[in-house]
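**Student:** If you scroll down you'll find the structure; I have some questions about it.
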Amino acid sequence: MQEKIYLDNAATTKLSEEVLITMMPYLTSQYGNPSSAHAPGREARMAVENARKKIAQLLNVRPAEIIFTSCGTESNNTAFHAAVNDLGCRQIITSQVEHHAVLHTAEKYKKAGIPVHYAPLTENGHIDLEGFFKLLEETGRNTFVSLMHANNEIGNRTDIEELGRVCAGNEAIFHSDCVQTIGHYPVDFQKIKVHFASASAHKFHGPKGIGFLFVREKTKFTSYITGGSQERNLRAGTENVAYIVGMAKALELALENHDREAAQIGAVKTMMREGLRARFEKVLFNGDSIGDSLYTVLNASFPLSDKTEMLLLDLDRAGICASGGSACSSGAGSHVIEALGTGSGRVNVRFSFSRYTTTTEIDKTIRVLEGILQPEKETV
Ligand code: PLP
């Protein structure tokens, strides 16, 4: 079988072996329901609460501020639901470059009569802070702000510490989709004044289908999913014990090794960027690729031609897994690139890296790209 080169880590990451080992007892012998009062139930409860404590400690928050959910998407939906239904928000500010889990949710509330405003962007896809501050002043109190910590397609990072301060000054409720940053950066929610923050384990070598929502103490809300009284009535449904345990382990490993891995992955990104620049005269990079950007994401663009038209497919045939943008909208074109206005006449490929990406793989990817694009060297 052809060896795959996996460069789509912003879509999802490989489950860490150590994480799987930690999860195994809860997938096999320790199958109690954490809501049961008997011994296996109590054991499961203990595992869930220990995982909550670990995650809370890693983010410098209280365990009660962590609500387990099924994924980043559910976490985002829960924050919107809470803001509009329980916290009296009557206006929404978000941006055109958010993940669909935010954008489509905002649109849902817009249809229900809540005005949605989009923060202006700078040329390279950052939030235009001055423009945002002005907008927030105009919308006034009772505004819900949902702006992501880092963009999953182009990698741009946002200073949510600064946004948090301004939101607090304007009495706005602030949510940040931190799905691409929690597990990739040390995050301290004592410094970042969000009310809500979303995370998802499969982006940092944990299992798919588990996430959490950080909810600042005293932010009172009712469950988005109704049913039992799990998660102190804030999220109904039997807790996914094994995955919760796995998520806590994955976050612990990610942060323990953060400095070394960030440097290693950052070097891989630089190698890819410089390699592409050296070989393809007309390559461009979407977003702020060498500025305030994720070390895990590089979004390259090539002029549209008969050689680049099927680029993702050609890469896939050569065993290289990359993507055109968010995995959740594959095939639909990128709303992020569209918002940037840089996509016309070009083909965009997102390469995203992890602790498992090697320099040999980057070398091979560049060689494969040369093979695909070489005949067009003069124009590409
Ligand atoms: N938000 C961002 C920024 C993402 O990158 C993703 C996943 O691609 C999500 C939300 C959705 O997370 P999940 O796949 O856990 O629902």
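**Student:** Please give, to one decimal in nm, the separation of the simple spin-label points placed at D188 and K134, each 7 Å out from Cα toward the Cβ.
**Tutor:** 3.4
**Student:** Continuing with the same structure: Which of the lysines could a cross-linker span from K218 if the Cα-Cα distance has to be under 25 Å and same-chain partners fewer than 8 positions apart are dropped?
**Tutor:** Cross-link targets: K53, K54, K191, K193.
**Student:** Further, regarding this structure: Less than 19 Å from a label point 7 Å out along the Cα-to-Cβ axis of E161: which backbone N atoms in segment 97-111 qualify, by residue?
**Tutor:** From segment 97-111, the list is empty.
**Student:** Residue farthest toward the positive end of the dipole of segment 101-199, with Cβ of Lys/Arg at +1 and Asp/Glu at -1: which of T105, I127, M148?
**Tutor:** The residue sitting most towards the positive pole is T105.
**Student:** At a Förster distance of 41 Å, what's the computed FRET efficiency of D292 paired with N33, Cβ-Cβ distance as r, to 0.05?
**Tutor:** E(calc), rounded to 0.05, equals 0.40.
**Student:** For the pair A64 and A112, what calculated FRET efficiency results from E = 1/(1 + (r/R0)^6), where r is the Cβ-Cβ distance and R0 = 30 Å, to the nearest 0.05?
**Tutor:** For A112 and A64, the calculated efficiency is 0.50.
**Student:** Springs between alpha-carbon pairs under 10 angstrom, Gaussian network model over the chain: which of S344, S176, S334 fluctuates most?
**Tutor:** S344
**Student:** Here is a further query. Can you tell me, using C-alpha contacts under 8 Å and at least 6 residues apart, the relative contact order of the chain as a whole percent?
**Tutor:** Worked out over the chain, it gives 23 percent.
**Student:** Under the classification rounded if a/c is under 1.5, otherwise prolate if a/b is larger than b/c and oblate if not, where does the chain fall, given a ≥ b ≥ c as square roots of the Cα gyration tensor eigenvalues?
**Tutor:** It comes out oblate by the Cα gyration axes.
**Student:** Turning to a different aspect of this structure: Which residue fluctuates most in the GNM of the chain (Cα springs below 10 Å): L251, L315, L136?
**Tutor:** The residue that fluctuates most here is L315.
**Student:** Which net charge results for the neighbourhood of V179, defined as the other residues with beta-carbon distances under 11 angstrom from its beta-carbon, given Lys and Arg at +1 and Asp and Glu at -1?
**Tutor:** -1
**Student:** Just K218, K208, K191 to compare: in a GNM of the chain, with alpha carbon springs under 10 Å, which one fluctuates most?
**Tutor:** K218
**Student:** Using the Karplus equation 6.51 cos²θ - 1.76 cosθ + 1.60 (θ = phi - 60°), what ³J(HN,Hα) coupling, rounded to whole Hz, does each residue of segment 242-257 give in order, writing x for Gly and Pro?
**Tutor:** 4, 6, 5, 4, x, 5, 5, 5, 4, 5, 4, 5, 4, 7, 4, 9
**Student:** On a straight-distance basis, which lysines could pair with K364 in a cross-link, Cα separation under 16 angstrom, same-chain partners fewer than 8 positions away excluded?
**Tutor:** Cα-Cα hits under 16 Å: K4, K269.
Any read-out appearing in this document is the output of simple, stated calculations on the displayed coordinates, not a laboratory observation. Since we're looking at a predicted model, the values are computed, not measured. So basically every Cβ, Gly included, is an ideal-geometry build from the backbone, and we count neighbours across all protein chains shown.
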